[in-house]
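Remarks on the structure that follows.
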Amino acid sequence: MQYLSGLRFFSLSLTIVTVSQGFSILNQTRRLSSFVTSALGTNTRFKFFFSSVSSSSLTSTDEIMATVSNPKSWRSLLEISIAKTRKIRGSNYVQLSTVEDGEPRCRTVVFRGFQKLPSDHTFFNECDSLTTTMKMCTDLRSRKVAQNQQQPMAELVWWFPKTNEQYRIRGRLILVGQHDEDDQDVDTTLKNARKELWGNLSDPARESFLGSLIPGERYGGEDTVTIPVGGRNEEDGKPVPPPENFLLMLLDPINVDYLLLGRDQYRQADVRDMGKWSYERLNP
Ligand SMILES: Cc1cc2nc3c(=O)[nH]c(=O)nc-3n(C[C@H](O)[C@H](O)[C@H](O)COP(=O)(O)O)c2cc1C
């Protein structure tokens, strides 16, 4: 919707710019409008060209020029995007894609912050002195777990409507579960990270891991298992121990595609090689 309302603004702007500016914006408008209409079908084309101007607008050229003249790594850019949108509900919902038999599978998950790791840890990585390992959680019984065994590479897409930015973050998806808890060889950092995340979940989120119904299977009636309220002990109110179904899910990025959408656009590719990040500007 942000895309659409911004395009309405584009249409109006054509009437107030000079002729030469007009041509450049016209080209952009055409490019974007064909992109959107091809996705939505031709009937919507007129709707968004002739409907009223929305109060929201695309990122200004000045803001984009500020990014161009002061380039930053994806991680520093993301830090700013998160800070600007922290208070918006749903701003930490991201789309995560995995692969099953060569086909994509995509779903929404909650991004739960960056996982701090000691510098000698296998998955330790930093960019601009900021940790890059992304933290989420999932259910052992969900399809993504089997998909992850087939193909551990995954891509996460994060769209920030307020700042008109898209991050496409690719890397290895690492699942940490009960099995690893019991395994003497698995490092205590990940075991502790899993426990810590379990304790930090909201009560309803904790409860969702304690039922017996298998997610994605045909509905056969309500759960007959009694789920502790809030996933907490009745006696002391503390969270019950994490169940087998609860997995810490980490994304260890190696590639990021950043796009800032506006009257002009800015795109950048960040790549991790031998633990070090570098980036270059791309055509949008
Ligand atoms: C707003 C929202 C947040 C969600 N958060 C999570 C999450 O943090 N972890 C998760 O595994 N599933 C989450 N889900 C459910 C997934 O989208 C998906 O339905 C589930 O993980 C099963 O997917 P799979 O069987 O393809 O693995 C969320 C769904 C929505 C709509």
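Dividing the mean sequence gap of close Cα pairs (under 8 Å, 6+ apart) by how many residues the stretch 112-181 holds gives a relative contact order of 21 percent.
In terms of the Cα gyration tensor, with a ≥ b ≥ c the square roots of its eigenvalues, is the stretch 48-170 rounded because a/c is under 1.5, prolate because a/b exceeds b/c, or oblate?
Since a/c reaches 1.5 but b/c is at least a/b, the shape of the stretch 48-170 is classed as oblate.
Annotation: amide H-H contacts under 5 Å for Gly113 (H modelled 1.01 Å from N, sequence separation of 5 or more, or interchain): Lys135.
Summing charges over all other residues whose Cβ lies under 11 Å from the Cβ of Asp62, with Lys and Arg as +1 and Asp and Glu as -1, gives -1. Rounded to whole numbers, the Karplus 3J(HN,Hα) couplings from phi for the stretch 156-170 are 10, 10, 10, 10, 10, x, 5, 10, 6, 10, 10, 10, 10, 10, 10 Hz, using 6.51 cos²θ - 1.76 cosθ + 1.60 with θ = phi - 60°, and x at Gly and Pro. Shown is the FRET efficiency for Ser212 and Arg105, computed with R0 = 25 Å from the Cβ-Cβ distance and rounded to the nearest 0.05: 0.55. Under 5 Å between amide hydrogens, built in the peptide plane, is the criterion, and for Asn125 it picks out Thr132, Thr133 among residues at least 5 positions away or on other chains.
The HN-Hα couplings worked out from phi for the stretch 69-80 by the Karplus form 6.51 cos²θ - 1.76 cosθ + 1.60 (θ = phi - 60°) are 7, 10, x, 9, 5, 4, 6, 5, 4, 5, 4, 5 Hz, whole numbers, x standing for Gly and Pro. The packing ranking, built from the mean of other Cβ atoms within 10 Å per residue, places the peptides 191-200, 127-136 in the order 127-136, 191-200, highest first.
Between Glu100 and Arg105, the built amide H atoms are under 5 Å apart, and every one of these is 5 or more places off in sequence or on another chain.
Across the stretch 105-115, computed HN-Hα scalar couplings (Karplus, 6.51 cos²θ - 1.76 cosθ + 1.60, θ = phi - 60°) run 9, 10, 7, 8, 9, 8, 7, 10, x, 9, 8 Hz from first to last residue, x flagging Gly and Pro.
Among the listed pairs Lys162/Lys191; Lys72/Lys238; Lys135/Lys162; Lys162/Lys238; Lys72/Lys135; Lys84/Lys238, a Cα-Cα separation exceeding 31 Å is found for Lys162/Lys191; Lys72/Lys238; Lys162/Lys238; Lys84/Lys238.
Throughout, read-outs are computed from the coordinates displayed, never taken from laboratory work. None of the values given here were measured: they were computed from a predicted structure. All Cβ positions, even for glycine, are placed from backbone atoms using ideal geometry, and neighbour counts span all protein chains on display.
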